[in-house]
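Below: the structure, in structure tokens.
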Amino acid sequence: MARFFLWLASFRLRILLRASFLLLALSVVALAVTVLQEEKQRSYKNYQAGLLKTKEQIVARLRHPSGQLALLNPPKPQGTARNLHPVLLPFSAIDFDDQDKARNAVEIAGCLIQYQRHGSLCVAIGNNPWVGGFIYAAGTFASGTLAAHEIGERFLGRAHRMRVVVSLRGKTYRWLAPFELLPIRRNTPGDGLRGRFTGYAELDGQDYTGKMPVKDFRGWVWQSASCLDPKQEGDSGCEKKSFFSLRLPVELLIADSIKTKKIIWPPADLADIDVRIEVLPPGDGAPLFDSNEAGASAPFALDDLAALLQPGEILRIRKGSAEQDLAYIRGRDEAEEQTSPLLTRLIRHLPAQSHDEFDARPVELADTVATESGNYSILLQANAARVVDRALSAIATRVAWFVIAMLGAIALAWLVIEIGIVRRIARLTRRSSRLSASAEGPDMLLAYDFADLKNNDELGILAACLDDLLRRVKEDARREQIRAEQEKDQWHAVGHEIMSPLQSLLALHGNPDDPSHRYIARMQQAVRVLYGRASPSEAFEATALALATLDVDDFLRHVAANATHIGIDGLTYAPAPAPVWVHADEYSLEDVVSHLLRNADRYRTPGTTIALTLAADESRAVVTVYNTGPRIAPAWMARIFEYGVSDQQEAAAQGNRGQGLFVAKTYMAKMGGTISVRNEALGVSFSLVLQRATRLDSLRA
């Protein structure tokens, strides 16, 4: 675990830098989500107030005469888009004889249809059937000074005139009403012209000699004295605006009100009554005004309430206790608003708690509008979750581009730093780690350099310093290699000079029973081990031992008997009752035991003995060397078997190179055994574990 944390620490700076950018990106996303959640909470509260306000606006609009007009005249399918049909007024009739009253009535009712060139027209019936079966028409048109028809003149085409056509139930009424000027009661500047439209049943020809006007047809017109274009003021030929009001007698409707006491009003076929009104100039010119003209702007209708509704809201209007909807209006979907399905799902799952009773569940707001023809129920239905979430999703989709741009900027900054700094740091770190782990000589150092990482910035300067340091290390390693080769040559020379005298001595003591023969043979082996090696440690590690079967008990008896010859006194050994055969190299094992005995003699308390013991079982034999004296410090327990380690000051000057225990460990490993050390109560004991030889091996020995 410690090695893992040490390895992880080498990535600390890179992890910190990348984690910083990651946290920054997550912070931006978290900020956006938090703002979105707060906006959702605020939107729910605002939507509650907004929905109540929308309901009040709708009710107020419907309580206005224009709204009541829309309630009394719900939209119905029409045969021809340009056909004009009468509407049911929220009051009983229009006082068509009075200009101000007639104008105020149609303007307040909101039934005027706007046309081009200052034209307008309202065609309606009153809501009181007892007034009579009349159709009222009022509006405006623009023309020059009205040309009047003289009473008694045979032809009507020399004056401005109005053509009216009414079609219902397969019957058509046609009237042609010329303008007749009324005498001016008082000559007041700015009054303009005042006259009437006298209605005649329209004929195919133009000669109306002896024809009487229609008795119940009434028409009035008032032309302003001011020009429509202020620049043409004073010009008698300028266009002026005229207001007219008509009462059209329709015999079929009058007959309905007379035939039965229970009148169905308004007529069931009100939407099937077609009305056309034209204002004709003198002569055969094009009409100055035509109610069937394209491009007319319709008055307020119930469908216009959809503009007050948000997408997802539904307005239902019923008359009285009827179960069928008079109008079913949905909020218009804003097709141009693009929403993201992902953001919509996110907003839907964001928690939003309201402090009021209003929540995200579907809600219904009800009210009533009272009219003379009855009460109308207003029901506004809305799904707050759908409306608010969709609106927020549209806003969030637009704002999401800014969040994406911020995340892109963060990613770009990270990428620049990653490529420009972190990547170079990683390359420098990996190269340094491989150099530290695998550089064992100048040949290995030659494979590494930092020249490609040099630059003028901080990392480049660091790489340049490391490259310069590595160059110096390479030079030092090369010098050390040359010194080692020189030392190797020196060992060759020394070994050659020593081997000749030893060979002569071995000839003088050729008897194997001679103790001198044994020590001379050991000296030759030591020289062969070191001969031709660059260093003692390499020599010991490269030594190949010739393992044989050895009676370790007899061997230890011989060691104990000859210990005084190597300057070790007070060595005790208790012989085993029977031979103990092991696999070992006699000379190498003798070197191992000799190193342990010298080490024990060096550290034992003066006057005490060194105990040499042997214990054996079926698989192994354990040789123990114990001395009374100071114990080994815990810090030295793991290092004493390393080459060159010694606790004595100036050890090399005194002949102690710190290689005795290293040699012992190396030889024991090559013989298939182990060596260990243990602190005892009064001293230290070293244990040698050797593998037992089989019975057949012992018989062969």
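The values are calculated or read from the model by the stated rules, or taken from the named source; none is laboratory data. Remember, predicted model here, so these are calculated numbers, not experimental data. Side chains included, ligands, DNA and RNA excluded: accessible areas come from the protein's heavy atoms. Shrake-Rupley method; radii C 1.70, N 1.55, O 1.52, S 1.80 Å.
Values computed for the structure shown
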| item | result |
| --- | --- |
| Residue-normalised accessible area of the range 569-631, given per residue in Å² at a 1.4 Å probe | 48 Å² |
| Cross-link table Lys101/Lys171; Lys215/Lys241; Lys101/Lys241, entries beyond 24 Å C-alpha to C-alpha | Lys101/Lys171; Lys215/Lys241 |
| Met637 accessible area, assembled protein chains, probe 1.4 Å, Å² | 60 Å² |
| Solvent-accessible ranking of Lys240, Lys40, Lys215, largest area first, probe 1.4 Å | Lys215, Lys240, Lys40 |
| Relative contact order of the range 202-291, pairs being alpha-carbon contacts under 8 Å that are 6 or more residues apart, as % | 19 percent |
| The range 543-637, accessible surface, carbon-and-sulfur percent (1.4 angstrom probe) | 55 percent |
| Sequence of Asp284, Asp235, Asp389, Asp98 when ordered by accessible area, the most exposed leading, probe 1.4 angstrom | Asp284, Asp235, Asp98, Asp389 |
| The range 250-322: relative contact order in percent, alpha carbon pairs under 8 Å with at least 6 residues between | 14 percent |
| Accessible area in square angstrom per residue, the range 20-68, 1.4 angstrom probe | 56 Å² |
| The range 158-239 - percent of accessible surface contributed by carbon and sulfur, probe 1.4 Å | 47 percent |
| Nearest-10 value in Å² for the accessible area of His64, using the 1.4 Å probe | 90 Å² |
| Length gained when the stretch Val214-Asn83 is fully extended (0.36 nm per residue, less Cα-Cα span) | 44.7 nm |
| Probe 1.4 Å, accessible area per residue of the range 218-270, Å² | 56 Å² |
| Cα shape, the range 102-174, gyration tensor, a/c 1.5 rule | oblate |
| Amide proton proximity set for Leu309, modelled H, under 5 Å, gap of 5+ | Arg332 |
| Inter-centroid distance (Cα atoms) of the range 578-652 relative to the range 130-169, Å | 141 Å |
| Portion, in percent, of the accessible area of the range 39-138 that falls on carbon or sulfur, probe 1.4 Å | 49 percent |
